[in-house]
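Accompanying notes for the structure given below.
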Amino acid sequence: MKIYTKTGDQGITSLLGGVRVPKSDLRIDAYGTLDELNSYLGLLRDQEVNKKRADLLKSIQDRLFTIGADLATVPGKDRVKKPDLFPEDVVVLENEMDAMDAELPLLTAFILPGGHTAVSFCHLARTVCRRSERIVVELASEEQVSDLIIQYLNRLSDFLFVLSRKMAQELDVEEINWKPRL
């Protein structure tokens with residue numbers, strides 16, 4: 001099977017369920033941004049500091065593919081076979097955050113992204129996750145989108161923030177507090 005089909009050469013693509021839409025469609029933007037986020041998670045998983053979290057990060061990548069499949073499906077096409085997202089997937093993120101938070105110093109200020117390349121990658125993933133969440137929320141205002149998808153993306157961006165702090169701690173990198181000019 002060739003990777004190119006030429007069916008999208010005119011700027012049109014197919015959703016799961018057979019409907020053809022412009023590549024500029026909000027639904028395409030939603031799962032395209034998830035794909036971008038998934039690439040950043042792969043980059044995070046490849047960082048030496050995250051070797052012990054590689055399986056967790058891979059499972060999050062799997063969940064993003066699950067969400068992408070849901071978003072790529074025509075609403076109401078229930079017969080399309082696709083994986084499911086479960087409330088327990090959100091709980092996994094919450095439990096991981098709680099475990100990391102228990103080992104981190106109290107957060108007393110906004111933190112500027114940076115300090116180490118790996119930490120910066122995590123902040124990039126966090127901001128792409130927030131963008132993805134915003135696009136999915138916009139899509140949900142127009143079409144059917146599972147509330148669980150929005151909840152998962154919201155929790156994932158929180159997880160990525162806590163992870164960035166934990167990575168900085170493990171890398172012995174000082175967090176840079178934002179000091180507003182007043």
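The values are calculated or read from the model by the stated rules, or taken from the named source; none is laboratory data. The structure displayed is predicted, hence computed values, not measured ones. So basically every Cβ, Gly included, is an ideal-geometry build from the backbone, and we count neighbours across all protein chains shown.
For the subset of region 132-177 comprising residues that are in contact (Cβ under 8 Å) with a residue 60 or more places away in the chain and polar (S, T, N, Q), which member is farthest from THR108 (Cα to Cα)? Applying the filter and picking the extreme gives GLN144. A count restricted to region 124-156 and to residues that are hydroxyl-bearing (Ser, Thr, Tyr) and surrounded by fewer than 20 Cβ atoms within 10 Å (Cβ to Cβ) stands at 3.
Which residues, taken from region 26-44, are surrounded by fewer than 17 Cβ atoms within 10 Å (Cβ to Cβ) and hydroxyl-bearing (Ser, Thr, Tyr)? Within region 26-44, SER39 is the sole residue that qualifies.
Counting just the residues of region 130-182 that are hydrophobic (A, V, I, L, M, F, W, C) and assigned to a loop (DSSP other than H, G, I, E, B), which one comes out farthest from ASN95 (Cα to Cα)? Top of the filtered list is LEU182. Somewhere in region 88-109, is a residue within 20 Å of TRP178 (Cα to Cα) and among the hydroxyl-bearing types (Ser, Thr, Tyr)? Checking region 88-109: at least one residue is within 20 Å of TRP178 (Cα to Cα) and among the hydroxyl-bearing types (Ser, Thr, Tyr). Take the conditions closer than 23 Å to LEU171 by Cα and touching a residue at least 24 places away in the same chain (Cβ under 8 Å) and apply them to LEU124. Does it pass? Against the criterion (closer than 23 Å to LEU171 by Cα and touching a residue at least 24 places away in the same chain (Cβ under 8 Å)), LEU124 qualifies. Under the condition of being part of a loop (DSSP other than H, G, I, E, B) and modelled with pLDDT under 70, the residues counted in region 9-22 number 3. Just a yes or no: is a residue in region 150-171 over 23 Å from ASN50 (Cα atoms) and at pLDDT 95 or above? Yes, because at least one residue in region 150-171 is over 23 Å from ASN50 (Cα atoms) and at pLDDT 95 or above. Determine which single condition GLY115 fails, assuming it passes every other condition in (1) surrounded by fewer than 16 Cβ atoms within 10 Å (Cβ to Cβ); (2) farther than 30 Å from THR66 by Cβ. Among (1) surrounded by fewer than 16 Cβ atoms within 10 Å (Cβ to Cβ); (2) farther than 30 Å from THR66 by Cβ, GLY115 violates only (1).
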